[in-house]
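Some notes on the structure that comes next.
The values are calculated or read from the model by the stated rules, or taken from the named source; none is laboratory data. All values derive from a computational prediction rather than experimental measurement. Because the Cβ atoms are built from the backbone with ideal geometry, glycine has one as well, and the counts that use them run over all protein chains shown.
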Amino acid sequence: MKLSALFSILLISACCSGLAAAADIGVVAILSGKAILVIDGAAPKTYEVGAMLNSETRLLAVDGDNATISTNGKRQVLRLGQTDFKTGGGKSNQVVLKAGDHGHFMAPASINGVALSMMVDTGASLIALPASEARRIGINYKAGRPGRANTAGGVVNTYLIKLDSIKIGDIELFQVDASVIEAGLSMPLLGMSFLNRMEMRREGEQMTLTKRF
């Protein structure tokens with residue numbers, strides 16, 4: 001099974017007893033006898049079956065698209081594409097944005113750990129990045145899937161990529177689809193590949209995004 005076909009994200013909260021804090025575990029990919037995991041927002045890391053993920057959680061098994069963990073003796077199967085997310089450690093699943101010039105909502109964000117400002121655009125099917133911003137972030141976007149798009153300035157080259165991470169406030173998503181536009185885009189757009197995982201509520205000059213999964 002190809003690694004690219006397995007990329008997905010599953011965020012769970014492994015509840016711990018006593019004074020231990022909950023752990024947010026993201027399953028990035030499943031390989032033969034191994035799983036690539038993101039734990040508490042750290043960089044993705046490969047764990048072999050039997051490895052301890054923290055002091056109380058062990059990776060018991062991987063099978064097909066499933067990974068099985070055990071926390072304090074309680075087993076749980078994590079399936080790619082299924083999400084049961086609950087933050088721990090006082091994190092918030094909500095961020096509030098305020099309208100700026102011309103009524104646009106701007107979101108202070110970070111992509112792959114690099115800060116930038118993005119405009120909320122529900123008309124964009126994907127997060128969209130100008131090529132200059134992609135280069136500044138350090139994305140090798142030309143390794144992505146090439147395509148073409150119609151813009152006000154004509155037909156331009158695009159590249160479909162996956163962002164390792166995008167974070168707005170305490171909301172962080174991993175392996176998110178995005179498009180890099182080589183010309184004609186003046187600012188990064190926060191499109192539906194991020195927003196479709198949010199509940200969006202607008203009240204006057206304020207927009208609240210709440211993470212659904």
Tally time: how many residues in the stretch 148-163 are free of Cβ contacts under 8 Å to residues at least 60 places away in the same chain, within 18 Å of GLY191 (Cα to Cα) and surrounded by 12 or more Cβ atoms within 10 Å (Cβ to Cβ)? 7
Just checking, how many residues over the stretch 103-121 are among the β-branched types (Val, Ile, Thr) and surrounded by 13 or more Cβ atoms within 10 Å (Cβ to Cβ)? 2
Quick count over the stretch 177-206, residues being closer than 19 Å to SER110 by Cα, in a strand (DSSP E or B) and either touching a Phe, Trp or Tyr at 6+ places or on another chain (Cβ under 6 Å) or without any contact (Cβ under 8 Å) to a residue 12 or more places away in the chain (or both), is 1
Please verify whether the stretch 158-167 includes one or more residues that are among the aliphatic types (A, V, I, L, M), part of a strand (DSSP E or B) and either in contact with a Cys (Cβ under 9 Å, 6 or more places away or on another chain) or over 26 Å from ALA99 (Cβ atoms) (or both). yes
For SER70, state whether it is at pLDDT 90 or above and of a type in the set (Ser, Thr, Tyr). no
Filtered residue count, the stretch 122-146, keeping only those that are surrounded by 17 or more Cβ atoms within 10 Å (Cβ to Cβ) and outside any strand (DSSP E or B): 9
Subset of the stretch 164-213 [of a type in the set (D, E, K, R), more than 26 Å from VAL27 (Cβ to Cβ) and surrounded by 15 or more Cβ atoms within 10 Å (Cβ to Cβ)]: GLU182
